[in-house]
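Some notes on the structure that comes next.
A short reminder: the numbers here are calculations on the coordinates, not readings from a lab. Given the structure is predicted, the values throughout are model-derived calculations rather than measurements. Glycine also receives a Cβ, built like all others from the backbone with ideal geometry; neighbour counts cover every protein chain displayed.
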Amino acid sequence: MNRAKGFTLLELVLVIVITGVMAAAIAVFVKPAVDAYFDTRRRAELSDAADTALRRIGREVRRAVPNSIRIPNDQCFELVPTKSGGLYRRAADIVNANSDPLDSTGPDSAFDVLSPLAVVPVAGDFVVIGNQNTNDVYAGPTRGTVGAWSSPPAPGGAAVGVGRIALAAPTQFPAGYDGGRFQVVDGNEQAVFYLCRHTGEANGNGKGELLRLVRTFDAAYPTACPAEGGVPLATRVASCSFVYDPNHGATQQSGFVWMRIELLSGGERVALAHGMHVSNVP
């Protein structure tokens, strides 16, 4: 006589109960590990976002026109970024003909460039020379508009310079400056604001943004951060602050910028700070 094989209802219920108990016991140990993984991943993403934003700002601060940083409050600051720079000719070449030194005793319309440039200027860019006061580059006394870039003519040619900058209009740069250096400012990015807007917290997330805002030269020293515009460098910003000391160190020719940003997402908080020296030698 063959007996039917299978599970009784009681056995099935017991298996379900035991399986549920085992799953609950395993979940007690697995859930914290899973939560820790996602928390760590979230913190890593926040750290990477904050670090990328601060390094981006740091690179531009180091390359800014000397003495161009303006800071109306601890939530923003302004600078004049550069695209390249080099050395200009200060005196006529006594061996080769057709050299063109910069004459700072009066308006001049062109000068030879002696050092190779990473990026050559184009019409509409600006040349800045001898910027010793913060507002000068914004107001205009230390900058001229580029009209054209060319090679020095024969017979001097390359012997008198790697190139020649012709200004759109005769410009007189500060007299007495003998450093022989100039900076080139992109005509499409005359001044840049870095600012934090709408910072704060809500439901475990930062509400603000860290922004980069491009604008034209403004001779008036800013008294507040721009209220509109800008491209986000970081989101979920809970707080941030900027500090600038224009005369840091014994030589009084080096500034110092200190930046701090705090990001908050899903209850996870990351705060990074970054400081850098700024050369204010024209």
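Only helices enter this figure: runs of n ≥ 4 DSSP H residues, each worth -39500 (n - 2.57), summed and divided by the residues of the chain, yield -7500 deg cm²/dmol at 222 nm to the nearest 500. Rounded to the nearest 10 degrees, the inclination of helix 9-62 to the longest alpha-carbon principal axis of the chain is 10 degrees. Label-to-label distance, Leu12 versus Asp218, with points set 7 angstrom from Cα along the beta-carbon direction: 7.6 nm.
Legend: ranking of residues Lys83, Lys207 from fewest to most surrounding C-beta atoms inside 10 Å; resulting order Lys207, Lys83.
Sorting Met22, Met276 by the number of Cβ atoms found within 10 Å of their own Cβ, with the fewest placed first, yields Met22, Met276. The alpha carbons of segment 1-154 stretch over 123, 42, 23 Å along the principal axes, in descending order.
Ordering Val185, Val231 from the fewest to the most neighbouring beta carbons within 10 Å gives Val231, Val185. Per residue, the Cα convex hull of the chain amounts to 222 Å³.
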